[in-house]
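To start, the structure under review is shown below, and the notes come after it.
The values are calculated or read from the model by the stated rules, or taken from the named source; none is laboratory data. This is a predicted model, so every value here is computed, not measured. Here the Cβ positions follow ideal geometry from the backbone for every residue, glycine too, while neighbour counts run over all protein chains shown.
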Amino acid sequence: MKPDSDLMRVTEPSVIAMQWLVLAAAYFTLLLFLIGVFDLTLSLWALITSGNFTDPLAVVGLLDTVLLLLIIVEVHRTLIAYARNEPVVRIVVGAAIIAIAREIISFRISDFETATGALTAAGGFGVLLLGLVVAYFVVRYDADDPGYN
């Protein structure tokens, strides 16, 4: 027997086990998503019945929850793509963009001790977001290339 075929035979059970574990994690993210949608529905109902639906902080809180749910969706998509041996880079970069957008939307200057700290954090978020958007378009451009595999 060739050494390559021995290696394939020995590693195959771990590959199969990993695919099953990834699928289990995907189902767990599905459960988290369902819990999150239920929580979002309850939060929205509480906002409407209390009359606080025009409060900007309450709306930002709801947006934060929606963006968190989108991140869970992207993680689920990543796990499914990984289990199917499909490319995951574009999905991961998309999830990172959503995560940074979530941080930017919920950014509060009052969370920082100094204005310099807040400005530094804001600048870092801006640079990170710009870098991720550039990475997203580079990955997308490469994926659309006919020679891309």
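Based on what the data block shows, is Ala83 touching a residue at least 60 places away in the same chain (Cβ under 8 Å) and either farther than 30 Å from Phe28 by Cα or among the hydrophobic types (A, V, I, L, M, F, W, C) (or both)?
Yes.
Identify, from the list Val37, Val15, Val75, Val22, the residue that is modelled with pLDDT under 90 and among the β-branched types (Val, Ile, Thr).
Val15
Return yes or no: is Leu30 in contact with a His (Cβ under 7 Å, 6 or more places away or on another chain), among the aliphatic types (A, V, I, L, M) and either more than 28 Å from Gly131 (Cβ to Cβ) or surrounded by fewer than 10 Cβ atoms within 10 Å (Cβ to Cβ) (or both)?
In short, yes.
Please go through the range 134-149 and pick out each residue that is modelled with pLDDT of 85 or more and surrounded by fewer than 14 Cβ atoms within 10 Å (Cβ to Cβ).
Passing the criteria: Val134, Phe137, Val138.
Checking the conditions here, which among Gly61, Gly131, Gly51 is at pLDDT 90 or above and small (Gly, Ala, Ser)?
After ruling out the rest, the residue left standing is Gly131.
How do the pairs read when you match residues in the range 63-78 that are under 19 Å from Leu23 (Cα atoms) and hydroxyl-bearing (Ser, Thr, Tyr) with residues anywhere that are modelled with pLDDT under 95 and outside any helix (DSSP H, G or I), using Cβ under 7 Å and keeping only pairs 6 or more apart or on different chains?
From residues that are under 19 Å from Leu23 (Cα atoms) and hydroxyl-bearing (Ser, Thr, Tyr), the pairs are Thr78/Val88.
Would you mention how many residues in the range 80-131 are among the hydroxyl-bearing types (Ser, Thr, Tyr) and crowded, with 16+ Cβ neighbours inside 10 Å?
Adding up the residues that qualify gives 1.
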